[in-house]
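Beneath this line is the structure, given in structure tokens, with notes to follow.
The values are calculated or read from the model by the stated rules, or taken from the named source; none is laboratory data. Computed from a predicted model, the values in this text were never measured in an experiment. We place every Cβ from the backbone using ideal geometry, glycine too, and count neighbours over all the protein chains shown. Just the protein is used for accessible areas: all its heavy atoms, side chains included, with ligands, DNA and RNA removed. Shrake-Rupley method; radii C 1.70, N 1.55, O 1.52, S 1.80 Å.
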Amino acid sequence: MATASSSLDRDPETSRSRRSLRFLLGGLSRSWMFLAFFVGFFIVWEISIDLFGIPKYILPKPSEIAVKSWADADRLLYYTWITGLEAVLGYIIAILLAVPLGLAIAFSRVMRQTVYPFFVSLEMTPKIAFAPLFISWLGFGLLPKIIIVILVCFFPIVLNAILAFTSLAEELERFVRSTGAGPTRAFFKVRLPAALPQCFVGFKYAAINATVGATIAEFIGSDEGLGFYIQIVTGNMRPDLAFAGIFLLTLLGLALFGIVSVVERLAIPWHISVRRKT
Amino acid sequence: MSASIDIDGLTKVFGSGPEAVHAFGPSSLHIGKGEFVSLLGPSGCGKSTLMLIIAGLLEPTSGEVRVDEKTVTGPLTDIGIMFQDNTLVPWRTVWGNVALQLELRGENPSRHRQRIESLLASVKLDGFADRHPYELSGGMQQRAAFCQAMVHDPDTLLFDEPLGKLDAMTRESIRTDLQTLWLSKRPTVVFVTHSIEEAVQLSSKVCLITPRPGRIDRVIDIDLPYPRDLDVKSGADFVGHVREIQAIFHGYGVL
Ligand SMILES: Nc1ncnc2c1ncn2[C@@H]1O[C@H](COP(=O)(O)OP(=O)(O)O)[C@@H](O)[C@H]1O
Ligand SMILES: [Mg+2]
């Protein structure tokens, strides 16, 4: 019987990594379905341009976009690297700042009564509105873009971290207290793992914001990056190249979100949101 | 040594003002060392509340609980508790969940390997040690929670409807196991249930709790011989106790 044999190899690590592998493969097979849909979408686009006689300075064909952007590939790739760098650095710094702050607010009454209401009211401010100010303060370099990315990633991470660390099930809270465990032990054995699923909600939300923040920051004041590129080529009546930039931004966003999703699968394979996907 | 428990003028009111819920009391009760006492009453009468106050996990509004003559002021850490909702965590296996109790107490579970194994075997979970809780039926989860509550070898046990999610057959067999355990080790047991039969079969004393606000209205000594197996349960004395209690709850307007 399977259950009898599995009890013999009682090594949680092997069964865990085997399970993670299965999740990853499951993810791949699902992305083939996506791919089929996208290919269909581009075929319809390609045919429609001729069918309805749309001029190419309004909306170019995908094939034309591909050919024209190939000619400008060097610049596009370099700008992808720049925008990606801004997004990823800002995102990572946002996590490093926001998670400890979320923890502090969750576990400190004083913080909850002072800093927390302040952040909640700031949540209503569109963070991107600060972008022109940062550009004027810090100039055209990477730094103001990274700060803007931090700004748009920070809030979803903080707010979800606070929620995560304050919503341990009541019975678990009581169970922990009944063991007499100290705060550190209780944190690492119960509070932290229990909080991870809600933390990842924030991480994923922020991953979406990261590329948006980087792009808009480049719109406002920049001399490189995909946001800068899209603005310039659109001004030059080159929608084909603008689409190439948009396509690369999409890939960038997908890659960042995909990496975070993979990390989530590895970190919380036991969670219902992860298990339900396979 | 198993503990004695004294409940003295205990009241619990949740909230205040017009929203306040009078959940329990005032009531007093003495539970001697090694007794098996059931708290029996309809749902919402404050059984869980009383149990949590005894465990030191909830503060009474007035009155006090004394365990071995000492007033309870914080969580009791040397007892075994089975909560109404099980406290298995989804990121650990059955084995890991049982070990969690030891780890939270700063002990190394691999030193207690044999104890964990025999506990799991005693509730027929030995083939499921490396399954996660979500791979188990409700009844199996409850059996795992039982092992989690017992692994540090407590001699005072607070059980909140531990057999609630079990099917009738498993329930019967775990009752027998529980009785065997109690007879051999004589822990003090506070056992919350809403099954009259279960209370009469297991307990040396049954406390009848009135509907809201819950009060311990009657304490009935069950002086039937142990072990109370199927023969005892079909005997006239057993049936008499069940009938008597049914009649009292009927009087409360519950049955
Ligand atoms: N934390 C709480 N806040 C407010 N009311 C509560 C709380 N816990 C329990 N109650 C109320 O106290 C009463 C008794 O609850 P409980 O002890 O869970 O009953 P039982 O376990 O007998 O079903 C119920 O009316 C319930 O709604
Ligand atoms: Mg209850």
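Approximating the spin labels as points 7 Å out from Cα along Cα→Cβ, the residue B:243-to-residue B:135 distance works out to 5.1 nm.
Contact with the other protein chains removes 20 Å² or more of accessible area, compared with the isolated chain and a 1.4 Å probe, from these residues of region A:151-178: A:171, A:172, A:174, A:175, A:177, A:178.
Reported value for region A:161-274: 123 Å³ per residue, from the convex hull of its C-alpha atoms.
Each helix, a run of at least 4 DSSP H residues, gives -39500 (n - 2.57); summed and divided by the residues of chain A, these come to -27500 deg cm²/dmol at 222 nm.
For chain B, what value does the Rg/Rh ratio take when both radii are computed over Cα atoms and Rh is the Kirkwood radius, given to two decimals? The partial results should precede the final answer.
On the way: Rg = 18.3 Å, Rh = 18.9 Å.
Result: Rg/Rh = 0.97.
Semi-axis lengths, largest first, of the ellipsoid equivalent to chain A are 41, 28, 14 Å, with √(5λ) applied to each eigenvalue of the Cα gyration tensor.
Estimate for me the total accessible surface buried between chains B and A (protein heavy atoms, probe 1.4 Å, no ligands or nucleic acids), in Å² to the nearest 100.
Values: alone 11970 and 16460 Å², together 25720 Å².
Approximately 2700 Å² gets buried when B meets A.
At an R0 of 25 angstrom, the distance between the Cβ atoms of residue A:110 and residue A:166 translates into a FRET efficiency of 0.95. For residue B:124, the aspartates and glutamates whose Cα falls under 13 Å of its own Cα, not counting residues fewer than eight places away in the same chain, are B:177. The packing ranking, built from the mean of other Cβ atoms within 10 Å per residue, places the peptides B:24-32, B:72-80 in the order B:24-32, B:72-80, highest first.
Dipole of chain A computed with +1 at Lys/Arg Cβ and -1 at Asp/Glu Cβ about the Cα centre; of A:114, A:156, A:168, farthest Cα towards the positive end is A:168. For region B:179-204, there are no residues whose amide N sits under 16 Å from a probe point set 7 Å from the Cα of residue B:236 along the beta carbon direction. Against chain A, whose longest principal axis comes from its Cα atoms, helix A:12-52 is set at around 20 degrees. Taking only the C-alpha atoms of the protein assembly as shown, Rg followed by Dmax gives 31.3, 99 Å.
Normalise the Cα radius of gyration of region B:115-255 by 2.2 N^0.38 Å (N = residues in it) and let me know the number.
Values: Rg = 16.3 Å, N = 141, 2.2 N^0.38 = 14.4 Å.
Taking the Cα Rg and dividing by 2.2 N^0.38 Å, one obtains 1.13.
For chain A, what's the relative contact order in percent, using C-alpha pairs closer than 8 Å and at least 6 residues apart?
Numbers: 282 pairs, mean separation 72.2, N = 278.
RCO, chain A: 26 percent.
So for region A:125-220, Kirkwood radius off the Cα pairs, Stokes-Einstein at 37 °C and 0.692 mPa s: how many µm² s⁻¹? After rounding, the answer is 214 µm²/s. Here each label is just a point 7 Å from Cα along the line to Cβ, and for residue A:58 and residue A:92 those points are 4.5 nm apart.
Legend: distances between Cα atoms for B:33/B:205; A:68/A:145; B:12/B:47; B:165/B:233; pairs beyond 18 Å are A:68/A:145; B:165/B:233.
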